[in-house]
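The values are calculated or read from the model by the stated rules, or taken from the named source; none is laboratory data. A quick note: this is a predicted structure, and the numbers were derived from the prediction, not measured. Backbone-built Cβ (ideal geometry, glycine too); neighbour counts: all protein chains shown. In case anyone asks, the SASA skips ligands and DNA or RNA and just uses the protein heavy atoms, side chains included. Shrake-Rupley method; radii C 1.70, N 1.55, O 1.52, S 1.80 Å.
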Amino acid sequence: SLDEVAGQRHILGEGGVLRRIIQGGTIPNLIFYGPSGTGKTTVAEIAAARIHRPFYRLNATTASLADIKAITADVGTLLAPEGVVLYLDEIQYFNKKQQQTLLEFMENGSITLIASTTENPYFYVYNAILSRSTVFEFKAVESGEIEKAVERAFRVLAEEEGRPILPEEGVCAHIASHCGGDVRKAMNAVELSTLACDSGGPHIEVTLEAARELTQKSTMRYD
(Lines give C-alpha, C1' and ligand atoms only; values in the text may rest on other atoms or scores of the structure.)
Protein backbone atom coordinates (compact mmCIF):
# COMPACT_ATOMS: atom_id res chain seq x y z
CA SER A 1 0.00 0.00 0.00
CA LEU A 2 1.04 3.63 -0.27
CA ASP A 3 1.52 3.73 3.51
CA GLU A 4 4.19 1.04 3.23
CA VAL A 5 6.30 2.87 0.63
CA ALA A 6 9.55 4.05 2.21
CA GLY A 7 10.00 7.80 1.91
CA GLN A 8 8.39 10.11 -0.68
CA ARG A 9 6.13 11.68 1.94
CA HIS A 10 6.22 14.94 -0.06
CA ILE A 11 4.02 13.32 -2.72
CA LEU A 12 2.60 10.23 -0.98
CA GLY A 13 1.93 11.49 2.54
CA GLU A 14 -1.52 12.50 3.73
CA GLY A 15 -2.69 15.23 1.37
CA GLY A 16 0.15 14.54 -1.10
CA VAL A 17 -0.78 15.22 -4.72
CA LEU A 18 0.27 11.83 -6.09
CA ARG A 19 -1.49 10.04 -3.25
CA ARG A 20 -4.73 11.90 -4.03
CA ILE A 21 -4.43 11.07 -7.73
CA ILE A 22 -3.93 7.35 -7.09
CA GLN A 23 -6.70 7.17 -4.50
CA GLY A 24 -9.02 8.96 -6.91
CA GLY A 25 -9.02 5.87 -9.10
CA THR A 26 -8.36 7.64 -12.41
CA ILE A 27 -4.68 7.59 -13.33
CA PRO A 28 -3.34 10.11 -15.84
CA ASN A 29 -0.10 9.64 -17.76
CA LEU A 30 2.72 9.97 -15.22
CA ILE A 31 6.48 10.43 -15.32
CA PHE A 32 8.54 9.58 -12.23
CA TYR A 33 12.14 10.72 -12.03
CA GLY A 34 14.80 10.39 -9.39
CA PRO A 35 17.52 8.03 -8.08
CA SER A 36 17.33 4.26 -8.34
CA GLY A 37 15.67 2.33 -5.52
CA THR A 38 13.32 5.09 -4.40
CA GLY A 39 9.99 3.37 -5.09
CA LYS A 40 9.10 4.40 -8.64
CA THR A 41 8.23 0.87 -9.80
CA THR A 42 6.41 0.03 -6.57
CA VAL A 43 4.20 3.12 -6.79
CA ALA A 44 3.45 2.39 -10.47
CA GLU A 45 2.23 -1.11 -9.56
CA ILE A 46 0.06 0.26 -6.76
CA ALA A 47 -1.44 2.84 -9.15
CA ALA A 48 -2.20 0.23 -11.81
CA ALA A 49 -3.88 -2.06 -9.27
CA ARG A 50 -6.07 0.81 -8.14
CA ILE A 51 -7.69 1.20 -11.56
CA HIS A 52 -7.91 -2.56 -12.27
CA ARG A 53 -6.21 -2.49 -15.66
CA PRO A 54 -3.67 -4.94 -17.07
CA PHE A 55 -0.16 -3.86 -16.07
CA TYR A 56 2.83 -4.29 -18.35
CA ARG A 57 6.44 -3.43 -17.70
CA LEU A 58 9.13 -2.68 -20.28
CA ASN A 59 12.66 -1.34 -20.04
CA ALA A 60 13.49 1.16 -22.76
CA THR A 61 17.07 -0.10 -22.99
CA THR A 62 15.84 -3.36 -24.56
CA ALA A 63 12.23 -2.74 -25.65
CA SER A 64 11.19 -2.11 -29.25
CA LEU A 65 8.13 -0.69 -31.00
CA ALA A 66 7.03 -4.28 -31.65
CA ASP A 67 6.86 -4.83 -27.88
CA ILE A 68 4.56 -1.83 -27.47
CA LYS A 69 2.32 -2.92 -30.33
CA ALA A 70 2.09 -6.42 -28.85
CA ILE A 71 0.96 -4.95 -25.52
CA THR A 72 -1.87 -3.04 -27.20
CA ALA A 73 -3.11 -6.09 -29.13
CA ASP A 74 -5.68 -6.94 -26.43
CA VAL A 75 -7.01 -3.40 -26.04
CA GLY A 76 -10.75 -3.30 -26.70
CA THR A 77 -11.20 -7.01 -25.94
CA LEU A 78 -12.43 -8.63 -22.74
CA LEU A 79 -8.80 -8.83 -21.57
CA ALA A 80 -8.31 -5.07 -21.67
CA PRO A 81 -11.58 -3.32 -22.51
CA GLU A 82 -10.43 0.07 -21.22
CA GLY A 83 -6.79 -0.04 -22.20
CA VAL A 84 -3.62 -1.02 -20.36
CA VAL A 85 -1.11 0.56 -18.03
CA LEU A 86 2.45 0.51 -19.34
CA TYR A 87 5.33 1.07 -16.96
CA LEU A 88 8.29 2.10 -19.11
CA ASP A 89 11.54 2.15 -17.17
CA GLU A 90 14.41 4.37 -18.35
CA ILE A 91 12.28 6.16 -20.94
CA GLN A 92 15.25 8.37 -21.84
CA TYR A 93 16.63 5.48 -23.91
CA PHE A 94 13.70 5.63 -26.35
CA ASN A 95 14.62 7.70 -29.40
CA LYS A 96 12.34 10.37 -30.83
CA LYS A 97 10.64 8.02 -33.30
CA GLN A 98 9.91 5.47 -30.58
CA GLN A 99 8.52 8.16 -28.29
CA GLN A 100 6.35 9.52 -31.11
CA THR A 101 4.84 6.07 -31.69
CA LEU A 102 4.24 5.70 -27.97
CA LEU A 103 2.47 9.06 -28.05
CA GLU A 104 -0.02 7.78 -30.63
CA PHE A 105 -1.14 5.01 -28.26
CA MET A 106 -1.38 7.49 -25.38
CA GLU A 107 -3.57 9.82 -27.43
CA ASN A 108 -6.02 7.13 -28.56
CA GLY A 109 -6.37 5.84 -25.00
CA SER A 110 -4.84 2.41 -25.59
CA ILE A 111 -2.02 3.06 -23.14
CA THR A 112 -1.88 4.91 -19.84
CA LEU A 113 1.83 5.59 -19.48
CA ILE A 114 3.78 5.56 -16.25
CA ALA A 115 7.38 6.22 -17.22
CA SER A 116 10.44 6.43 -15.02
CA THR A 117 13.89 7.90 -15.50
CA THR A 118 16.93 8.68 -13.42
CA GLU A 119 17.57 11.70 -15.65
CA ASN A 120 15.79 15.05 -15.79
CA PRO A 121 12.82 14.31 -18.08
CA TYR A 122 12.72 17.89 -19.35
CA PHE A 123 15.97 17.19 -21.18
CA TYR A 124 15.33 13.61 -22.35
CA VAL A 125 11.60 13.13 -22.92
CA TYR A 126 9.78 14.23 -26.08
CA ASN A 127 7.94 17.50 -25.39
CA ALA A 128 4.61 16.17 -26.65
CA ILE A 129 4.74 13.32 -24.10
CA LEU A 130 5.72 15.74 -21.34
CA SER A 131 2.78 17.99 -22.16
CA ARG A 132 0.38 15.04 -21.76
CA SER A 133 1.91 13.78 -18.52
CA THR A 134 2.24 14.82 -14.91
CA VAL A 135 5.82 14.75 -13.63
CA PHE A 136 6.77 13.77 -10.07
CA GLU A 137 10.22 13.81 -8.50
CA PHE A 138 11.24 10.90 -6.27
CA LYS A 139 13.98 11.70 -3.77
CA ALA A 140 16.67 9.58 -2.14
CA VAL A 141 15.09 7.98 0.93
CA GLU A 142 16.26 9.12 4.36
CA SER A 143 18.01 6.50 6.49
CA GLY A 144 15.31 6.61 9.17
CA GLU A 145 12.67 5.56 6.63
CA ILE A 146 14.95 2.89 5.18
CA GLU A 147 15.62 1.46 8.65
CA LYS A 148 11.88 0.79 9.06
CA ALA A 149 11.87 -0.98 5.69
CA VAL A 150 14.93 -3.04 6.68
CA GLU A 151 13.26 -4.15 9.93
CA ARG A 152 10.14 -5.13 7.99
CA ALA A 153 12.25 -7.03 5.45
CA PHE A 154 13.86 -9.14 8.19
CA ARG A 155 10.39 -9.95 9.55
CA VAL A 156 9.15 -10.99 6.10
CA LEU A 157 12.22 -13.17 5.53
CA ALA A 158 11.69 -14.81 8.91
CA GLU A 159 8.11 -15.68 7.93
CA GLU A 160 9.33 -17.16 4.64
CA GLU A 161 12.07 -19.13 6.38
CA GLY A 162 9.76 -20.36 9.11
CA ARG A 163 12.32 -19.55 11.82
CA PRO A 164 13.42 -16.41 13.67
CA ILE A 165 15.93 -14.02 12.16
CA LEU A 166 17.68 -12.02 14.87
CA PRO A 167 19.63 -8.97 13.63
CA GLU A 168 22.35 -7.95 16.08
CA GLU A 169 21.96 -4.49 17.63
CA GLY A 170 22.97 -1.86 15.08
CA VAL A 171 22.51 -4.06 11.99
CA CYS A 172 19.36 -2.38 10.70
CA ALA A 173 20.70 1.13 11.31
CA HIS A 174 24.01 0.28 9.63
CA ILE A 175 22.37 -1.12 6.50
CA ALA A 176 20.02 1.86 6.31
CA SER A 177 22.82 4.41 6.57
CA HIS A 178 25.11 2.71 4.04
CA CYS A 179 22.83 2.25 1.03
CA GLY A 180 22.95 5.78 -0.35
CA GLY A 181 19.21 6.36 -0.04
CA ASP A 182 18.55 3.31 -2.27
CA VAL A 183 15.93 1.01 -0.72
CA ARG A 184 16.59 -1.73 -3.27
CA LYS A 185 20.25 -1.81 -2.25
CA ALA A 186 19.19 -2.10 1.39
CA MET A 187 16.87 -5.01 0.60
CA ASN A 188 19.74 -6.80 -1.16
CA ALA A 189 21.91 -6.29 1.92
CA VAL A 190 19.19 -7.77 4.14
CA GLU A 191 18.93 -10.88 1.98
CA LEU A 192 22.68 -11.36 1.57
CA SER A 193 23.48 -10.82 5.25
CA THR A 194 20.82 -13.36 6.18
CA LEU A 195 22.28 -15.92 3.77
CA ALA A 196 25.81 -15.21 5.00
CA CYS A 197 24.85 -15.81 8.63
CA ASP A 198 22.66 -18.87 8.09
CA SER A 199 24.34 -21.82 9.81
CA GLY A 200 21.29 -24.04 9.42
CA GLY A 201 20.26 -23.77 13.07
CA PRO A 202 16.82 -23.11 14.57
CA HIS A 203 17.35 -19.36 14.15
CA ILE A 204 19.56 -16.99 12.14
CA GLU A 205 21.59 -14.36 13.96
CA VAL A 206 22.66 -11.62 11.56
CA THR A 207 25.86 -10.04 12.85
CA LEU A 208 26.95 -6.44 12.55
CA GLU A 209 30.26 -7.67 11.16
CA ALA A 210 28.50 -9.38 8.25
CA ALA A 211 26.43 -6.27 7.57
CA ARG A 212 29.57 -4.14 7.54
CA GLU A 213 31.35 -6.45 5.13
CA LEU A 214 28.42 -6.42 2.73
CA THR A 215 28.02 -2.63 2.75
CA GLN A 216 31.66 -1.50 2.88
CA LYS A 217 31.81 -0.90 -0.86
CA SER A 218 28.55 1.06 -0.99
CA THR A 219 28.94 4.64 -2.13
CA MET A 220 26.66 7.66 -2.16
CA ARG A 221 25.52 8.34 -5.72
CA TYR A 222 23.28 11.27 -4.89
CA ASP A 223 23.55 14.18 -2.47
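Considering region 148-186 alone, what residues qualify as being part of a helix (DSSP H, G or I), over 30 Å from ILE111 (Cβ atoms) and either open to solvent by 60 Å² or more (accessible area, probe 1.4 Å) or of a type in the set (Ser, Thr, Tyr) (or both)?
Listed by number, the residues that qualify are LYS148, GLU151, ARG152, ARG155, VAL156, GLU159, GLU160, GLU161, SER177, LYS185.
Return the residues of region 7-34 that are modelled with pLDDT of 90 or more and in contact with an Asp or Glu (Cβ under 7 Å, 6 or more places away or on another chain); say none if nothing qualifies.
TYR33, GLY34
Kindly evaluate SER116 against the criterion of being more than 28 Å from ASN95 (Cα to Cα), polar (S, T, N, Q) and surrounded by 20 or more Cβ atoms within 10 Å (Cβ to Cβ).
Here the answer is no, as SER116 does not meet what is asked.
In region 120-138, is there at least one residue being within 20 Å of GLY37 (Cα to Cα), open to solvent by less than 40 Å² (accessible area, probe 1.4 Å), touching a strand residue (DSSP E or B) at 6+ places or on another chain (Cβ under 8 Å) and assigned to a loop (DSSP other than H, G, I, E, B)?
So far as region 120-138 goes, yes, one or more of its residues are within 20 Å of GLY37 (Cα to Cα), open to solvent by less than 40 Å² (accessible area, probe 1.4 Å), touching a strand residue (DSSP E or B) at 6+ places or on another chain (Cβ under 8 Å) and assigned to a loop (DSSP other than H, G, I, E, B).
Might you check whether a residue that is within 19 Å of the chain's Cα centre (by Cα) and either of a type in the set (S, T, N, Q) or farther than 20 Å from GLY34 by Cβ (or both) occurs anywhere in region 202-222?
No, the conditions are met nowhere in region 202-222.
With respect to the numbered conditions (1) farther than 22 Å from SER131 by Cβ; (2) open to solvent by less than 60 Å² (accessible area, probe 1.4 Å), which one is the sole condition not fulfilled by LYS69?
(2)
Against the conditions (1) open to solvent by less than 60 Å² (accessible area, probe 1.4 Å); (2) touching a strand residue (DSSP E or B) at 6+ places or on another chain (Cβ under 9 Å), where does ARG19 fall short? Just the number, please.
(2)
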